[in-house]
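Novice: Okay, here's the structure, questions in a sec.
The values are calculated or read from the model by the stated rules, or taken from the named source; none is laboratory data. As the structure is a computational prediction, the values presented were derived from the model and not from experiment. Cβ: placed from backbone, ideal geometry, glycine included. Neighbour counts: every protein chain shown. What goes into the accessible areas is simple: the full protein's heavy atoms, side chains included, and nothing from ligands, DNA or RNA. Shrake-Rupley method; radii C 1.70, N 1.55, O 1.52, S 1.80 Å.
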Amino acid sequence: MTERVSRLGRWLIAGEVRWRQNRQIAAIYRSFRVILPLVVLGTLADFVNQAWLEPTGYYYRTLHVTDWLLQRVRLQQITLLLQAGAFGMATLGAAFVVAYQLVATVTPRTNDRLTAGFVGVLGLELINVNPLTLAVTRPIQWVAMDLGLRSLVLGLLMGLIVGNAYRWGVLRWRQPENDLVRPMTFSLVGMLVAAGVAAYWLMRQPFSLHATFMAIMRAPLQLTNDVWRLIDFSILNGLFAWGGSLGSIPSSGSQSLVAGENLAAVLTTSGWHLPHPLTEQTVIQTYVNMGGPGMTLGLLVAIFLGRRNAAQRRIGWLSLVPVLGNFNAPLLLGLPVVLSPILGIPLLLAPVACIGTSCLFLGLHWVPATAYPLLTGTPGPLLAFLGTSGAWTPVLLAGVNLVLSTAIYYPFVKWANLADRLVKQGEAS
């Protein structure tokens with residue numbers, strides 16, 4: 001390591017290298033490389049659908065898409081199909097690759113590796129059904145849309161469970177009679193166990209896995225009208241993203257009510273006096289989620305400022321369009337930021353710092369709070385401008401937050417580059 005690195009940087013780099021050398025984490029990182037093209041395709045389809053084809057999209061409104069685009073509804077159906085297919089295959093692929101890679105560390109036999117991967121996929125499918133269809137005499141419905149970005153963590157967990165169980169079995173049955181006996185036996189046992197667990201779970205307490213997960217994520221949003229609640233929510237959102245549940249946490253009903261009261265106050269009074277100046281919309285969506293959850297537009301700028309890692313810049317260019325529209329899944333998985341101890345720190349710190357500056361400016365009335373609805377896909381720095389009906393001071397605050405987040409991300413990006421280089425050198429040797 002020829003570059004000058006601080007003591008903190010050396011400590012973090014050493015920890016990152018040890019972390020990535022762990023068998024479980026190495027298998028997960030390999031799955032990221034495999035599913036990244038699917039995530040990029042699904043994210044682009046999601047961006048086109050929400051920003052261009054939905055009435056609440058930024059480009060739909062500003063470019064008057066309905067005036068010149070033919071067959072908009074049919075195109076929207078195609079993009080939704082691409083999005084659901086790509087994200088669903090990415091989640092299933094994560095389960096397959098993780099299980100495959102874990103078994104590959106103990107046996108060179110392809111039959112065992114493939115069997116473990118397919119059992120992981122089957123286990124994920126068995127828990128991802130519509131429970132309401134189990135009690136009626138009609139075909140069971142597989143909930144394909146549940147396998148979105150937020151469910152990626154479920155694919156990773158299923159791959160870890162199946163891969164480690166299969167690996168344990170291989171270590172204790174090392175010499176089967178032929179190449180097919182062991183995978184056939186383990187696949188049959190794995191399918192029966194997965195089917196039994198899924199049946200007991202769904203019949204004992206039938207509920208939608210996706211709906212339950214969303215309810216847990218929305219819980220902290222019930223009271224986010226002060227700075228500490230906003231920080232709690234931001235940290236929780238960052239932890240979800242770092243753990244593999246990508247995408248913004250959806251708003252709760254209470255936040256929609258608060259946003260409506262702010263808008264009504266602006267439309268019915270002569271001044272710009274909002275009853276709720278510190279909310280998810282006025283702070284998080286406007287100033288803290290530029291580039292997506294985690295203030296990742298600053299991460300993108302930091303990548304382009306550091307010119308030593310061509311791989312990081314390629315991921316940056318690949319993620320440029322969706323990140324400008326605040327869709328950051330390709331960037332989080334491509335670097336990766338997910339499950340990275342080094343990059344997980346600024347993923348939490350940058351939004352908290354931006355919340356602090358935003359609340360300070362809003363509290364001192366240096367900038368007006370956003371009241372107008374924020375259109376999906378709006379470039380991050382323009383959110384404050386459009387949400388305040390064309391005020392320029394919020395744009396300055398957005399610029400301050402972008403510079404601040406870039407400065408926070410920059411050293412960690414450099415240390416992550418050095419750690420990645422050490423890991424690759426270790427793999428090569």
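Novice: When you go through 83, 71, 101, 76 one by one, which is the residue that is open to solvent by 80 Å² or more (accessible area, probe 1.4 Å) and either touching a Cys at 6+ places or on another chain (Cβ under 6 Å) or of a type in the set (S, T, N, Q) (or both)?
Specialist: Working: 83 fails: open to solvent by 80 Å² or more (accessible area, probe 1.4 Å); 101 fails: open to solvent by 80 Å² or more (accessible area, probe 1.4 Å); 76 fails: open to solvent by 80 Å² or more (accessible area, probe 1.4 Å).
After applying the criteria, what remains is 71.
Novice: State which residue is surrounded by the most Cβ atoms within 10 Å (Cβ to Cβ) when the search covers only segment 173-184 and only residues that are more than 22 Å from residue 92 (Cβ to Cβ) and touching a Pro at 6+ places or on another chain (Cβ under 9 Å).
Specialist: Filtering segment 173-184 for residues that are more than 22 Å from residue 92 (Cβ to Cβ) and touching a Pro at 6+ places or on another chain (Cβ under 9 Å), the one surrounded by the most Cβ atoms within 10 Å (Cβ to Cβ) comes out as 182.
Novice: Oh, and also: Considering only segment 370-387, how many residues are farther than 27 Å from residue 244 by Cβ and either open to solvent by 10 Å² or more (accessible area, probe 1.4 Å) or acidic (Asp, Glu) (or both)? Write out each step before concluding.
Specialist: First, the residues of segment 370-387 that are farther than 27 Å from residue 244 by Cβ: 370-373, 375, 381-382, 384-387.
In the following step, the residues that additionally are either open to solvent by 10 Å² or more (accessible area, probe 1.4 Å) or acidic (Asp, Glu) (or both) were identified as 372-373, 375, 381-382, 385-386.
Matching residues across segment 370-387 total 7.
Novice: Follow-up question, since we're still on this one. Assess whether residue 416 counts as being in a helix (DSSP H, G or I), touching a Ser or Thr at 6+ places or on another chain (Cβ under 9 Å), closer than 17 Å to residue 315 by Cβ and not β-branched (Val, Ile, Thr). Give the steps one after another, and end with the answer.
Specialist: Numbers: in a helix (DSSP H, G or I): yes; touching a Ser or Thr at 6+ places or on another chain (Cβ under 9 Å): yes; closer than 17 Å to residue 315 by Cβ: yes; not β-branched (Val, Ile, Thr): yes.
For residue 416, the condition - in a helix (DSSP H, G or I), touching a Ser or Thr at 6+ places or on another chain (Cβ under 9 Å), closer than 17 Å to residue 315 by Cβ and not β-branched (Val, Ile, Thr) - is met.
Yes/no matrix, rows are residues, columns are (1) within 18 Å of residue 375 (Cα to Cα); (2) outside any loop (DSSP other than H, G, I, E, B):
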residue: 240; (1), (2): no, yes
residue: 258; (1), (2): yes, yes
residue: 265; (1), (2): no, yes
residue: 270; (1), (2): no, no
residue: 282; (1), (2): yes, yes
residue: 287; (1), (2): yes, yes
residue: 298; (1), (2): no, yes
residue: 304; (1), (2): no, yes
residue: 318; (1), (2): no, yes
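Novice: Have a look at 397, 333, 375, 382 and point out the one that is without any contact (Cβ under 8 Å) to a residue 40 or more places away in the chain and at negative phi. Even if it seems obvious, please write down each step before you answer.
Specialist: Working: 397 fails: without any contact (Cβ under 8 Å) to a residue 40 or more places away in the chain; 333 fails: without any contact (Cβ under 8 Å) to a residue 40 or more places away in the chain; 375 fails: without any contact (Cβ under 8 Å) to a residue 40 or more places away in the chain.
None of the other options fit; the residue is 382.
Novice: Going by the conditions given, is residue 405 open to solvent by less than 50 Å² (accessible area, probe 1.4 Å), assigned to a helix (DSSP H, G or I) and under 20 Å from residue 265 (Cβ atoms)? Steps first, answer last, please.
Specialist: Working: open to solvent by less than 50 Å² (accessible area, probe 1.4 Å): yes; assigned to a helix (DSSP H, G or I): yes; under 20 Å from residue 265 (Cβ atoms): no.
Criteria not met by residue 405.
Novice: Can residue 223 be described as modelled with pLDDT under 85 and open to solvent by 70 Å² or more (accessible area, probe 1.4 Å)? It would help to see each step written out before you state the result.
Specialist: Numbers: modelled with pLDDT under 85: yes; open to solvent by 70 Å² or more (accessible area, probe 1.4 Å): yes.
When the stated conditions are applied, residue 223 passes them.
Novice: While we're on this one: Just checking, does segment 367-376 include any residue being closer than 18 Å to residue 262 by Cβ and assigned to a helix (DSSP H, G or I)? Show your work before the answer.
Specialist: Initial filter on segment 367-376 (closer than 18 Å to residue 262 by Cβ): 367-375.
Then keep just the ones that are assigned to a helix (DSSP H, G or I); that gives none.
The answer is no; no qualifying residue exists.
Novice: Here is a further query. Please go through segment 86-98 and pick out each residue that is open to solvent by less than 30 Å² (accessible area, probe 1.4 Å), within 17 Å of residue 28 (Cα to Cα) and of a type in the set (A, V, I, L, M).
Specialist: 90, 92, 94, 95, 97, 98
Novice: Return yes or no: is residue 348 part of a helix (DSSP H, G or I) and in contact with a helix residue (DSSP H, G or I) (Cβ under 7 Å, 6 or more places away or on another chain)? Talk me through it step by step, then tell me what you get.
Specialist: Numbers: part of a helix (DSSP H, G or I): yes; in contact with a helix residue (DSSP H, G or I) (Cβ under 7 Å, 6 or more places away or on another chain): yes.
When the stated conditions are applied, residue 348 passes them.
Novice: Sticking with this one: Have a look at 54, 16 and point out the one that is in contact with a Phe, Trp or Tyr (Cβ under 9 Å, 6 or more places away or on another chain) and over 22 Å from residue 149 (Cβ atoms). Before the answer, list the steps.
Specialist: Working: 54 fails: over 22 Å from residue 149 (Cβ atoms).
Within the list 54, 16, the selection yields 16.
Novice: Let me ask you something else. Could you grab me the full set of residues in segment 148-172 that are modelled with pLDDT under 85 and either in contact with a strand residue (DSSP E or B) (Cβ under 7 Å, 6 or more places away or on another chain) or open to solvent by 30 Å² or more (accessible area, probe 1.4 Å) (or both)?
Specialist: 149, 150
Novice: Answer yes or no: is there a residue in segment 289-296 that is touching a helix residue (DSSP H, G or I) at 6+ places or on another chain (Cβ under 8 Å), open to solvent by 10 Å² or more (accessible area, probe 1.4 Å) and part of a helix (DSSP H, G or I).
Specialist: No, segment 289-296 contains no residue that is touching a helix residue (DSSP H, G or I) at 6+ places or on another chain (Cβ under 8 Å), open to solvent by 10 Å² or more (accessible area, probe 1.4 Å) and part of a helix (DSSP H, G or I).
Novice: Does residue 343 qualify as being of a type in the set (A, V, I, L, M, F, W, C), open to solvent by less than 40 Å² (accessible area, probe 1.4 Å) and more than 26 Å from the chain's Cα centre (by Cα)? Full working, then the answer.
Specialist: On the way: of a type in the set (A, V, I, L, M, F, W, C): yes; open to solvent by less than 40 Å² (accessible area, probe 1.4 Å): yes; more than 26 Å from the chain's Cα centre (by Cα): no.
Judged against the criteria, residue 343 is not a match.
A quick yes/no check of all residues on (1) modelled with pLDDT under 80; (2) within 27 Å of the chain's Cα centre (by Cα):
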| residue | (1), (2) |
| --- | --- |
| 105 | no, no |
| 113 | no, no |
| 120 | no, yes |
| 124 | no, yes |
| 129 | yes, yes |
| 135 | yes, no |
| 146 | yes, yes |
| 176 | yes, no |
| 183 | no, no |
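For every residue, the table says whether it meets (1) touching a residue at least 24 places away in the same chain (Cβ under 8 Å); (2) in contact with a helix residue (DSSP H, G or I) (Cβ under 6 Å, 6 or more places away or on another chain); (3) open to solvent by less than 20 Å² (accessible area, probe 1.4 Å).
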| position | (1), (2), (3) |
| --- | --- |
| 14 | no, no, no |
| 22 | no, no, no |
| 34 | yes, yes, no |
| 38 | yes, yes, no |
| 53 | yes, yes, yes |
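Novice: Which of the residues spanning segment 393-402 are closer than 25 Å to residue 60 by Cβ and either of a type outside the set (A, V, I, L, M, F, W, C) or open to solvent by 30 Å² or more (accessible area, probe 1.4 Å) (or both)? Show your work before the answer.
Specialist: First, the residues of segment 393-402 that are closer than 25 Å to residue 60 by Cβ: 394-395, 398.
Across segment 393-402, the qualifying residues are 394, 395.
Novice: Which numbered condition in (1) touching an Asp or Glu at 6+ places or on another chain (Cβ under 9 Å); (2) under 24 Å from residue 155 (Cβ atoms) is the only one that residue 94 fails?
Specialist: The one condition residue 94 does not meet is (1).
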